[in-house]
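The structure appears right after this line, and notes come after that.
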């Protein structure tokens, strides 16, 4: 921002002190020389005001633009400097630090006819204070208006997706456009950053639903791909188990064992699964083994029909009574 500092108001404590000392010294000298007190006081006051108006200063980051009778005389500062009162004046001072200017574009249409509001910020610095003072009236406002115009032009050349995804590239393009316009003003644009891109609420909801649908589609594709791969693996496993029934039985027993261990409870096994494991044969073998007599007992004689012999009637024994 341009800081106006007229030469009759921008005084420093050092200027006041110097004017007071020199003016008082002159008044005292005239009084001692025999001049009337009024004349000595007026002369001392005039000298004090002249000295105060002569001494000026600027801060470390500022340059003072000095005009003499309306013509440019040069830049002064930083620090203290002297001017010729009445003839010279400090028109204004120029801040040479890096500045920030926020600007935006409202309700601009993108290349795909979407209304958007874009907020941006520009970082710039005055490199040539003389050109900035003589070439443009108010370079601060000129920077903002130029940036807004360049931003609107850039929005119309890009789609909404490019504005959202390529903010850095858009800011770089704005920087180049502003530099071409401001090079004659003595202003250098450091960078331009896009802060926010605001779209209508209805369009934002539609884009959100589109993104959700796209993610759902990708999830279904991934799930279908996984199912296809699993099916191919099952086919390969079936080919491996086709000619190896023992391996198939071992795999089934392993699956049954893992299920029982994980659940830690009683499990009812279907008859089909028991048949696949050849469980009836094993149970039959175990049952036949339990029906065998002890090793010390003699086997019962077989009858003519192939069964065990029945005790004859009339023979006393354990199985009947004598008549």
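The values are calculated or read from the model by the stated rules, or taken from the named source; none is laboratory data. Please read all numbers here as calculations on a predicted model, not as lab measurements. Ideal geometry is used to build each Cβ from the backbone, glycine not excepted, and the neighbour counts take in all protein chains shown.
Residues are listed down the side, and each one gets a yes or a no for (1) touching a strand residue (DSSP E or B) at 6+ places or on another chain (Cβ under 8 Å); (2) farther than 30 Å from residue 23 by Cβ:
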| site | (1), (2) |
| --- | --- |
| 91 | yes, no |
| 96 | yes, yes |
| 102 | yes, yes |
| 111 | no, yes |
| 119 | yes, yes |
| 152 | yes, yes |
| 157 | no, yes |
| 163 | yes, yes |
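Would you point out the residue of the range 231-282, among those that are outside any helix (DSSP H, G or I) and at pLDDT 75 or above, that is surrounded by the most Cβ atoms within 10 Å (Cβ to Cβ)? Don't jump to the end; show me each part of the working.
Within the range 231-282, the subset outside any helix (DSSP H, G or I) is 243-244, 264-270, 277-278.
Pick out the ones that are also at pLDDT 75 or above and you get 243-244.
Values: 243: 8, 244: 11.
For the range 231-282, the residue satisfying everything is 244.
Residue-wise test of (1) modelled with pLDDT of 90 or more; (2) farther than 21 Å from residue 97 by Cα; (3) out of contact with any helix residue (DSSP H, G or I) (no Cβ under 6 Å at 6 or more places or on another chain); (4) in the same structural domain as residue 127 (by TED's automatic domain parsing).
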{"position": "143", "(1), (2), (3), (4)": "yes, no, yes, yes"}
{"position": "160", "(1), (2), (3), (4)": "no, yes, yes, yes"}
{"position": "165", "(1), (2), (3), (4)": "no, yes, yes, yes"}
{"position": "176", "(1), (2), (3), (4)": "yes, no, yes, yes"}
{"position": "181", "(1), (2), (3), (4)": "no, no, no, yes"}
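If you scan the range 67-80, which residues turn out to be within 48 Å of the chain's Cα centre (by Cα) and surrounded by 13 or more Cβ atoms within 10 Å (Cβ to Cβ)? Step through it out loud before you land on a result.
Going residue by residue through the range 67-80, those that are within 48 Å of the chain's Cα centre (by Cα) are 74-80.
75, 76, 77, 78, 80 - these are the residues of the range 67-80 that are within 48 Å of the chain's Cα centre (by Cα) and surrounded by 13 or more Cβ atoms within 10 Å (Cβ to Cβ).
Residue by residue through the range 28-43, note down the ones that are surrounded by 16 or more Cβ atoms within 10 Å (Cβ to Cβ) and more than 19 Å from residue 54 (Cα to Cα). Working first, answer last.
Within the range 28-43, the first condition is being surrounded by 16 or more Cβ atoms within 10 Å (Cβ to Cβ), and the residues that meet it are 30-31, 40-41, 43.
Correct list: 30, 31, 40, 41.
Filtering the range 190-235 down to residues that are over 21 Å from residue 108 (Cβ atoms) and touching a residue at least 40 places away in the same chain (Cβ under 8 Å), which residue is nearest to the chain's Cα centre (by Cα)?
This residue is 191.
A quick yes/no check of all residues on (1) closer than 30 Å to residue 154 by Cα; (2) touching a residue at least 24 places away in the same chain (Cβ under 8 Å):
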| site | (1), (2) |
| --- | --- |
| 26 | no, no |
| 41 | no, no |
| 63 | no, yes |
| 66 | no, yes |
| 87 | no, no |
| 99 | yes, yes |
| 116 | yes, yes |
| 122 | yes, yes |
| 126 | yes, yes |
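Which condition from (1) part of a helix (DSSP H, G or I); (2) buried (at least 16 other Cβ atoms within 10 Å of the Cβ) is the one that residue 149 breaks?
(2)
Within the range 205-219, can one find any residue that is assigned to a helix (DSSP H, G or I) and surrounded by 11 or more Cβ atoms within 10 Å (Cβ to Cβ)?
Looking only at the range 205-219, we keep the residues that are assigned to a helix (DSSP H, G or I), and these are 205-219.
Adding the requirement that they be surrounded by 11 or more Cβ atoms within 10 Å (Cβ to Cβ) leaves 206-207.
Checked the range 205-219: at least one residue is assigned to a helix (DSSP H, G or I) and surrounded by 11 or more Cβ atoms within 10 Å (Cβ to Cβ).
Does residue 116 fit the bill of being assigned to a strand (DSSP E or B) and either surrounded by 15 or more Cβ atoms within 10 Å (Cβ to Cβ) or at pLDDT below 90 (or both)? Quick ask: steps written out before the conclusion?
On the way: assigned to a strand (DSSP E or B): yes; either surrounded by 15 or more Cβ atoms within 10 Å (Cβ to Cβ) or at pLDDT below 90 (or both): yes.
Criteria met by residue 116.
Output the residues belonging to the range 91-111 that are assigned to a loop (DSSP other than H, G, I, E, B) and in contact with a helix residue (DSSP H, G or I) (Cβ under 6 Å, 6 or more places away or on another chain). Steps first, please.
From the range 91-111, those assigned to a loop (DSSP other than H, G, I, E, B) are 96-98, 110-111; that's our starting set.
Within the range 91-111, just 110 meets the criteria.
Do you know which of the residues in the range 183-197 that are touching a helix residue (DSSP H, G or I) at 6+ places or on another chain (Cβ under 8 Å) and in a helix (DSSP H, G or I) is surrounded by the most Cβ atoms within 10 Å (Cβ to Cβ)?
Selected residue: 185.
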